[in-house]
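Quick notes on the structure that follows.
Just so it is clear, none of the values below were taken in a lab; they were calculated from the coordinates. Note that the structure is a prediction, hence the values are computed from the model and not measured. Using ideal geometry, Cβ is built from the backbone for each residue, glycine included, and neighbour counts are taken over all protein chains shown.
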Amino acid sequence: MDAEHTITVAVVDDHPLFRRGIISLLETLEHVEVVGDAATVDEALDLVDARVPDVVLMDLDLGTGSGIDATRSITRRHPSVAVLVLTMLGDDHSLFAAMRAGARGYLLKVASPREVERAIHAVADGEVLFGAEVAARAVAVLSGTAPESAVRPFPELTERETDVLELVARGLDNGSIARTLVLTSKTVRNYVYAIITKLGAHDRSALIVLAREAGFGASTTAP
């Protein structure tokens with residue numbers, strides 16, 4: 001991207017004081033224009049649909065919503081929009097989930113203003129950038145050298161959703177899964193729907209294929 005091009009940025013964070021602070025910082029930067037801010041997933045999607053910014057600064061913890069879900073939806077709807085995560089969450093689970101959802105950058109909120117500015121320009125230019133605190137782990141994931149314990153398949157799923165997916169991959173129906181996990185069929189149905197939504201599968205059959213390719217259901221042959 002041309003150095004003189006103005007980069008449009010949207011800020012998504014549910015903490016009003018931090019949101020105002022980061023907006024104030026961005027307004028001091030040359031060739032950066034804030035086109036809006038949002039506090040929830042729905043507000044973020046509406047904002048991006050309306051303004052299609054070059055970059056979205058995305059917090060991961062949006063109160064009742066998830067920045068991971070917002071990132072996934074934004075990158076699917078608008079592939080040209082670069083999502084740059086700016087969060088307090090520095091754990092592997094959050095990092096890998098954000099990467100899988102399509103984030104192009106990942107910074108912790110302790111990042112300096114210079115780091116934030118550099119990251120905005122980098123992701124707007126199509127680069128992938130990680131803050132110093134998470135870069136080593138990101139490189140390990142991208143190079144395939146991260147420990148298996150750190151890089152579990154589909155880290156965006158909860159532990160219970162992972163349990164359900166394992167049984168789905170084995171070919172069990174909802175009733176059988178409910179009996180195995182001591183849940184109601186309705187609860188299992190809700191879990192399966194949530195998993196399909198999070199992983200972007202078209203239907204249960206596609207979910208089974210996706211799960212088996214990731215190593216789920218390996219202990220049982222396909223029905």
Checklist entry - Using θ = phi - 60° and the Karplus form 6.51 cos²θ - 1.76 cosθ + 1.60, what ³J(HN,Hα) does each residue of the stretch 192-199 get, whole Hz, x for Gly and Pro? => result 4, 4, 5, 5, 4, 5, 5, 8
Checklist outcome for this item: Whole-Hz Karplus couplings 3J(HN,Hα) for the stretch 40-51, θ = phi - 60° and coefficients 6.51, -1.76, 1.60, Gly and Pro as x, run 10, 4, 4, 4, 5, 5, 4, 5, 5, 4, 6, 10
Item to check | Span per principal axis, largest first, for the Cα atoms of the stretch 159-213 (Å) | outcome: 26, 19, 18
Checklist outcome for this item: Here, Val209 and Ser80, labelled 7 Å along Cα→Cβ, have an inter-label distance in nm of 3.1
Next on the checklist: For the chain, set up a GNM with springs between Cα atoms under 10 Å and report which of Asp69, Asp14, Asp42 has the largest fluctuation.
Outcome noted: Asp42
Checklist entry - Of all DSSP beta bridges located in the chain, what percent are antiparallel, nearest 5? => result 10
Checklist entry - Taking other Cβ within 10 Å of each residue's Cβ, how do Leu25, Leu45 sort, fewest first? => result Leu25, Leu45
Checklist entry - Spin-label point model (7 Å from Cα, Cβ direction): what's the Glu115 to His15 distance in nm? => result 1.5
Checklist entry - Once both labels are modelled 7 Å past Cα along the beta-carbon direction, what's the Asp61-Leu181 spacing in nm? => result 2.5
Checklist outcome for this item: If amide H atoms are modeled at 1.01 Å from N in the peptide plane, then the residues at a separation of 5 or more from Glu33, or on another chain, having amide H under 5 Å from its own are Ile7, Thr8, Val9
Item to check | Principal axes of the stretch 68-116: Cα extent on each, largest first, Å | outcome: 30, 24, 12
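Arrange the following residues from fewest to most other Cβ atoms within 10 Å of their Cβ: Arg76, Arg104.
Fewest-to-most ranking of Arg76, Arg104: Arg76, Arg104.
With 10 angstrom as the radius, rank Asp37, Asp173, Asp54 by how many other C-beta atoms surround their C-beta, starting from the fewest.
Asp173, Asp37, Asp54
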Checklist entry - Mean separation of Cα pairs under 8 Å and 6+ residues apart, divided by the residue count of the chain: what relative contact order is that in percent? => result 14
